[in-house]
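Notes to accompany the following structure.
What follows is calculated from the coordinates using simple rules that are stated; it is not laboratory data. None of these values were measured; they are calculated from a predicted model. Please note: Cβ atoms are built from the backbone with ideal geometry, for glycine as well, and neighbour counts cover all protein chains shown.
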């Protein structure tokens with residue numbers, strides 16, 4: 001059992017449960033629930049991972065799926081994920097967006113597939129989960145051109161105060177990951193201080209980006225407790241209060257989440 005914080009209820013707004021780095025999924029889910037993480041949004045990045053996310057959500061209470069084409073996978077085309085979009089376990093489109101740091105897909109292809117997924121979120125009235133890295137201006141330009149979905153979530157938000165304000169001005173939600181706990185993430189910590197609590201989500205992006213004190217290890221949904229604790233301390237807010245706000249914001253961002261979950 002990992003070293004966990006005793007927590008009020010939380011939601012991990014973004015994880016990849018089909019990749020547990022070899023840990024048994026049952027153990028990962030049990031650890032999450034022991035840490036108070038009662039619901040998890042299992043995010044698809046292409047056709048295969050979307051199908052896997054749906055399968056896991058179908059089998060486990062409190063787990064939900066998204067259907068998305070990550071910018072790294074943009075070359076595969078949006079048609080590859082369309083068969084999954086209307087599945088009852090799917091509660092959002094994404095993760096979709098732009099990644100100019102790695103450029104695993106050509107930028108023009110990334111832009112076209114991001115625009116297509118913005119359109120899809122608008123057509124289906126589903127939340128849009130955005131991945132953006134080193135591409136803020138083009139991300140905002142495409143959102144403006146296509147129309148910002150009513151519920152837009154900037155996952156693993158990694159900008160500073162200026163980018164946070166631009167996102168918030170669009171009516172978007174900011175989801176903070178373990179990066180916020182890193183010593184060097186001072187700009188991101190400033191954004192976490194200014195973000196209104198009704199627009200603040202917490203996530204792990206597991207198995208990536210484990211927070212302090214687990215940095216360097218595979219991440220898992222249980223560790224979202226450390227993200228929430230760090231932000232609560234940063235904002236000088238009681239942890240139960242911060243946790244309750246993030247749960248309420250996550251439910252506002254993802255209306256298809258069940259209204260409540262009960263600890264075992």
- Could you calculate the contour length gain from residue 166 to residue 19, that is, 0.36 nm times the residue separation minus the distance between their Cα atoms, to one decimal place in nm? 49.7 nm
- Message: I'd like the distance between the alpha-carbon centres of segment 215-264 and segment 88-140, rounded to an integer number of Å.
- Response: 24 Å
- Rank 67, 232, 192 by mean-square fluctuation in a GNM of the chain with C-alpha springs under 10 angstrom and give only the top-ranked residue. 232
- Task: Could you line up 41, 142 from fewest to most neighbouring Cβ atoms inside 10 Å?
- Result: 142, 41
- Note on the structure: Taking the reciprocal of mean 1/r across every pair of different Cα atoms in segment 27-161, the Kirkwood radius in Å is 15.0 Å
- Semi-axes of segment 156-264 from the Cα gyration tensor (sqrt of 5 times each eigenvalue, largest first, whole Å) come to 19, 19, 13
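Given the rule -39500 (n - 2.57) for each run of at least 4 DSSP H residues, summed and divided by the residues of the chain, what is its mean residue ellipticity at 222 nm, to the nearest 500 deg cm²/dmol?
On the way: 8 runs with 96 residues, N = 264.
That calculation yields -11500 deg cm²/dmol at 222 nm.
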- Message: Strictly greater than 31 Å: what percent of every Cα pair in the chain meets that?
- Response: 16 percent
- Item | Relative contact order of segment 1-132, pairs being alpha-carbon contacts under 8 Å that are 6 or more residues apart, as % | 20 percent
- Query: Can you tell which of 66, 139, 204 shows the greatest fluctuation in a Gaussian network model of the chain with Cα springs below 10 Å?
  - Reply: 139
- The relative contact order of segment 10-253, taking Cα pairs under 8 Å that sit 6 or more residues apart, comes to a percentage of 20 percent
- If one builds a Gaussian network model of the chain from Cα atoms under 10 Å apart, the most fluctuating residue listed among 153, 56, 130 is 56
- Query: Would you list 169, 46, 134, 205 from fewest to most Cβ contacts within 10 Å?
  - Reply: 169, 134, 46, 205
- Net lengthening on full extension, residue 134/residue 102 (0.36 nm per residue, minus Cα-Cα): 10.6 nm
